[in-house]
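What follows is calculated from the coordinates using simple rules that are stated; it is not laboratory data. These numbers come from a predicted model, not from an experiment. Note that each Cβ is placed from the backbone with ideal geometry, even for glycine, and that neighbours are counted across all protein chains shown.
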Amino acid sequence: MKPIVEISDAAEISLPRGFRYGAAKAGLKKSGRPDFALIVADAPSSAAAAFTANRVTAAPLIVDKEHLRASGGKVRVAAINAGNANCAVGQAGLDAARATCEAAAQLFGCRTEEVFPSSTGIIGVPLPAEKLIAALPGLATSLGADFDHFHQVAQAILTTDTVEKTEFKQLEIAGPDGAPREVRIAALCKGSGMIHPQLVPHATMLVYILTDAAVDPAVLDGYLRAAIEVSFNRISVDGDTSTNDTVLLLASGASGAAISPGNSAFAGALTEVCTSLARQIVADGEGITHVVELRIEGAATDADALKIAKAIAHSPLVKTAWAGSDPNWGRLLAAIGYSGAQIDPERIDIRFGELAICHNGGRATEFDEAAAHAYIAQPEFSITIQLHQGAGSCIFWTTDLTHEYVSINADYST
């Protein structure tokens, strides 16, 4: 019997079974808002994670990798702080992350290797682990499994974000007896600036995805890699890859529905969740006024299509033109030309939505500058580039670059 997909609206969905949530004020954020959050599994859960490709890596990510290897891909507690990235502070950063993990493990009666720390905030400032450790007991007693507690976590992990970012899915998967069983997925993330994730084996983006499906860690890893490749690895706000980017997927198994490799229902739902969160991150980009969907078609390969999308998305000239709703398609052509992808300049077509802008590498005969300006003055718009080189393609989401972005990041540390 093939899996059945029935995906519900977020308003109708329940949180995955087997997890509790909570947040507290540890005193890291200057605003005094909650800045320390926990996601606690009732029992060690299967885990898969992906991390930044930046070679300057925050201390918690180093600890996370060690812990996942030592635990065999099991996590009991995710401990997340905002207001301090715990990066570029040397051994003190590792000591702080490990001390927090040891305190959490003692409190929840699990192995230290089953604690997964994350940090986000300013780089280069020592993390006062004693503040997190002091907040742990009270936070542990306040955990809950309802939406209010889930949203506490979604709020506490924010830095320059203006809104919380969440997504929910539920579906039915055929059980061993052929009867459908409900599987729930819930996810939350943060990210607004320093967004150009390059997740490996492939400020900051932190993503936590939870499901009550039963999935072996190695199998879970395969599902996560496939989902992030077409979601989080297809967005950019400013082209900067953070030192702390992390995506963690936990499966509690509390639903009793086992997921094996090749389950299209689960893969589809997970990809939808990741894509929704990725687009929410772009929409909350620092100072942005436009969200842009790039559709690259007819490239020699998918890899070439991605090269072109990134060249366009990272061009200050292109992004500032979008900020002014200036239909300067010549800047797009220039970015395509230096992308390193295989192209024929005389076969490139560009459309803004359905408007013909460029045909065979030159101005389209029907080009209407006023209409093009009006189209890209919208908060969201799409640009399609047809290269006529092959079957390669990709969809990529990015933003404009505004004065407000400069103001936010010029004043970030002070």
For region 10-283, just the Cα atoms, rotate onto the principal axes and tell me the three extents in Å, largest first. 54, 41, 35
How far apart, in nm, are two points set 7 Å out from the Cα along the Cα-to-Cβ line at Q106 and at A179? 4.6
Can you quote the Å³ per residue value for the convex hull of the Cα atoms in region 241-349, rounded to an integer? 162
Within 10 Å of each candidate Cβ there may be at most 15 other Cβ atoms; applying that plus a DSSP loop requirement, which GluC sites (Glu not before Pro) in region 347-414 survive? E354, E366
To make sure I understand the rule: partners must be aspartates and glutamates, Cα under 15 Å from the Cα of K131, and not fewer than 8 residues away in the same chain. Which ones qualify? D35, D95, E102
Testing the spin-label approximation: label points 7 Å from Cα along Cα→Cβ at E66 and A391. State their distance in nm. 4.7
Using a Förster distance of 30 Å, the FRET efficiency for A371-A226 (Cβ separation, nearest 0.05): 0.15
Per-pair calculated FRET efficiency, R0 = 30 Å: H403 and R363 via Cβ, rounded to 0.05: 0.50
When the helix-only estimate is applied to the chain (DSSP H runs of n ≥ 4, each -39,500 (n - 2.57), divided by the residue count), what is the mean residue ellipticity at 222 nm, nearest 500 deg cm²/dmol? -10000 deg cm²/dmol
Which value, in Å³ per residue, describes the convex hull spanned by the Cα atoms of region 267-414? 120
Check: C-alpha center region 234-267 vs C-alpha center region 337-414, spacing in Å is 29
Within straight cross-link reach of K310, meaning Cα distance under 23 Å, which lysines are found once same-chain residues fewer than 8 apart are removed? K190, K319
Full extension between E293 and N328 adds, at 0.36 nm per residue less the Cα distance, a length in nm of 11.0 nm
Ordered by number, the trypsin sites (Lys or Arg not before Pro) in region 35-84 that occupy a DSSP loop and have at most 10 other Cβ atoms within 10 Å are R55
